[in-house]
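I have placed the structure first, in the form of structure tokens, so that the comments after it can refer back to it.
The values are calculated or read from the model by the stated rules, or taken from the named source; none is laboratory data. Quantities reported herein were computed from a predicted structural model and do not represent experimental measurements. Because the Cβ atoms are built from the backbone with ideal geometry, glycine has one as well, and the counts that use them run over all protein chains shown.
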Amino acid sequence: MFEKRSLFYFVLFSKLVIEDQTLASTNENFAKQIRLFIFLLHIFICDYLVSYVN
């Protein structure tokens with residue numbers, strides 16, 4: 001279950017980054033990417049810790 005979910009987050013993040021790259025690369029887009037990456041990383045770490053404890 002954990003592997004499937006983490007793969008889903010990775011694919012989602014990659015898709016969003018690729019879509020962002022096709023747009024004009026401004027500082028605003030870069031800031032959005034960083035926030036998204038940190039958010040997904042947080043979910044990934046929480047997911048990992050929960051699955052590790054269980």
(request) Please enumerate the residues belonging to region 1-18 that are loosely packed, with under 10 Cβ neighbours inside 10 Å and modelled with pLDDT of 70 or more. (result) LYS4
(request) Consider ILE38 carefully, then state whether it is of a type in the set (Val, Ile, Thr), at pLDDT 70 or above and surrounded by 12 or more Cβ atoms within 10 Å (Cβ to Cβ). (result) no
